C-alpha cells in the first residue's frame, strides 16, 4: 500500500476535501477565459516565489498573452508531498496577485532538486 498522502486523506474534514486546483477550476470556469495577468505581474510572482522558497523559478506564456505557467525548484520541497507543495506555492500566489489575475496562472510545477536529478534534467 502507498504511504503518505493516501493514508492521511481519511483524516481530512469534508470541507477540506475539495483541492485548491478544483476550487480554481470552478472560479476559472465562472470567468470563462478573461485573461488578466500581465507580464509584469508574472515577473513579480516569479520573484516572490524565488524569495519565499529560496528557489529557482521561471515562467512562460501559455497560448499567447495573459496566461502563464511556472516552474519552481527548491530544496524546501524535498520530502514534501506534491499536494503540500502546491498548497505552499498557491499561498504565495494568493498573497501577490489579485483573485482575477491568479486565475491566469495555468500551472505551477514545484520540484525538489532531487526530482530533476532523477529525471535526468
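Compared with the alpha-carbon gap, the fully stretched path from residue 51 to residue 39 is longer by 2.5 nm at 0.36 nm per residue.
Counting other C-beta atoms within 10 Å, which of 99, 85 has the fewest, and how do the rest follow? Present the calculation step by step, with values, prior to reporting the outcome.
On the way: 99 11, 85 20.
Ascending Cβ contact count within 10 Å gives the list 99, 85.
Counting DSSP beta bridges with both partners in segment 42-121, what percentage is antiparallel, nearest 5? The antiparallel fraction comes to roughly 50 percent. With a cut-off of 17 Å on the backbone N, the residues of segment 57-78 near the modelled label site 7 Å out from residue 107 along Cα-Cβ are 57-73. Taking other Cβ atoms within 10 Å as a rough exposure proxy, 73, 38 sort from fewest to most as 38, 73.
Counting neighbouring beta carbons within 10 Å and listing from fewest to most, the residues 96, 108 come out as 96, 108.
Annotation for segment 100-121 versus segment 38-97: alpha-carbon center distance of 8 Å.
Only the coordinates and a few stated rules stand behind these numbers; no lab work does. Computed from a predicted model, the values in this text were never measured in an experiment. All Cβ positions, even for glycine, are placed from backbone atoms using ideal geometry, and neighbour counts span all protein chains on display.
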